[in-house]
Amino acid sequence: MLVCVVKFGALGVSLLTEYILDELADRDIQTRVFSTGSKMRCIEEKELKVVLDLNPDLIIFATPTASAEGPKKAIEILKRRPLIVITNQISTDFKKELKSKKVGYIVIPADSMLGARREFLDPTEMVLYNSDVLKVLAVTGVFRKLQFELDKAIEDLKSNNYTPPSLIIDSKTAADAARFNNPYAKSKAIAAYEIASLVSRISMKACFVEKDMKDYVILASAAHELMRIAAKLSDEAREIEKSNDTVFRTPHSKNGKILEKIKLLQSLQS
């Protein structure tokens, strides 16, 4: 089983997508990763042909705003193989278009855009923001739900019973996958997710609406402060579960089956 991960632009969840499929590096799948870096540019077919020539069993395409010109062109090329698009926002019309082409999609609204203004965003700020995003996506259950959906796709492809996913991971969907045992931990995680989802609205205004430097820099900074608070809430939720020894874990076995445990010193259960 060969899985290719193609990344257009900077989506938080894409930073570790290939790793959540094989976190112990001993699973019976192979992964290959292709990226355009931070640019969501149009790409020539001959470049993506490198991916298609590998004849992957599954292509995972991660990009912000999947209906933008560059990603949309890439989807048209990559759909020749089983394809799942992971993105942070998508219109109803584009969801219908993807379904009609038998392309799966997973939408993560909390994977919000950062404050991309030169006077504010330097490499250090970018890394700090993404570290907060990753914590929110991990603790709130987004990465686990993504793990479940991608694992299901892989197993269904193995058995020739594959149906492309069509999923929006909202705060409830994420928190249910996280399997919190303490209600306060769950409420903090949901709050963190909802706060993270608001960040894009502020970042979009900072990046594309405000023209005065003093205004857009303050808004970009405010967006990053919101994500920092979301990360702190996520930390608190995780610490509650740790203090009760009820952290839910879902490692892969060598054949890809998901194992489970809750107590730290408990044996894994299949």
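Read the figures in this text as sums done on the coordinates, not as results from a lab. Just so it is clear, the model here is predicted, and its values are computed rather than measured. Virtual Cβ from ideal backbone geometry, glycine too; neighbours counted across all protein chains shown.
Hey, which aspartates and glutamates would be in cross-link range of LYS49, C-alpha to C-alpha under 13 Å, not counting anything within fewer than 8 residues on its own chain?
GLU76
How far, in nm, would the chain grow between LEU24 and LYS72 when pulled straight, counting 0.36 nm per residue and subtracting the alpha carbon separation?
Separation in residues times 0.36 nm, less the Cα-Cα distance, equals 14.0 nm.
Figure the gain on full extension for TYR184 and SER267 (residue separation times 0.36 nm, minus the Cα-Cα span) and round it to one decimal in nm.
27.2 nm
What's the FRET efficiency of SER38 with LYS211 using the Cβ-Cβ distance as r and R₀ = 25 Å, to the nearest 0.05?
The pair SER38/LYS211 has a calculated efficiency of 0.60.
Regarding segment 1-107, what is the average projected area of its C-alpha convex hull, in nm²?
6.2
Please report the relative contact order for segment 1-107, taking Cα pairs under 8 Å with a sequence separation of at least 6, and give it as a percent rounded to a whole number.
29
At 15 Å minimum axial length over the Cα atoms and a Kyte-Doolittle cut of -1.0, report the qualifying DSSP H helices in the chain, or say none.
TM-like helix candidates: 123-139, 142-158, 183-208, 213-243.
Can you classify segment 154-260 as rounded, prolate or oblate using the Cα gyration tensor, where a ≥ b ≥ c are the square roots of its eigenvalues, rounded means a/c under 1.5, and otherwise it's prolate if a/b beats b/c and oblate if not?
Judged from the Cα gyration tensor, segment 154-260 comes out oblate (a/c at least 1.5, b/c at or above a/b).
Past 32 Å, Cα to Cα: identify those pairs from LYS101/LYS257; LYS7/LYS135; LYS99/LYS211; LYS101/LYS186; LYS72/LYS214, in the order given.
Beyond 32 Å between Cα atoms: LYS99/LYS211; LYS101/LYS186; LYS72/LYS214.
Roughly how compact is the chain, stated as its Cα Rg over 2.2 N^0.38 Å to two decimals?
Against the compact-globule rule of thumb, the ratio is 1.02.
Just want the ordering: SER171, SER270, from fewest to most Cβ atoms lying within 10 Å of their own Cβ.
The fewest-first ordering by Cβ neighbours comes to SER270, SER171.
Below 8 Å, C-alpha to C-alpha, sequence gap of six or more: please give me the relative contact order for the chain in percent.
18
Please compute the length gained on full extension between LYS257 and GLU225, using 0.36 nm multiplied by the number of residues separating them and subtracting their Cα-Cα distance.
7.7 nm
Taking the number of other C-beta atoms within 10 Å as the exposure measure, put ILE258, ILE84, ILE60 in order starting with the fewest.
ILE258, ILE84, ILE60
Using 7 Å Cα-to-Cβ label points, what is the LYS101/ASN161 separation (nm, one decimal)?
Modelled inter-label distance: 2.9 nm.
Arranged by the count of other C-beta atoms within 10 angstrom, fewest first, what order do SER234, SER197 take?
SER197, SER234
In whole Å, what is the distance between the alpha-carbon centres of segment 214-266 and segment 19-81?
About 26 Å separates the Cα centre of segment 214-266 from the one of segment 19-81.
Would you mind calculating the relative contact order of segment 140-206 from Cα pairs under 8 angstrom and at least 6 residues apart, reporting the percent as a whole number?
Averaging sequence separation for qualifying contacts and normalising by length gives 41 percent for segment 140-206.
How big is the charge dipole of the chain about its Cα centre, in debye rounded to the nearest 20, if each Lys and Arg gets +1 on its Cβ and each Asp and Glu gets -1 on its Cβ?
For this selection, approximately 480 debye.
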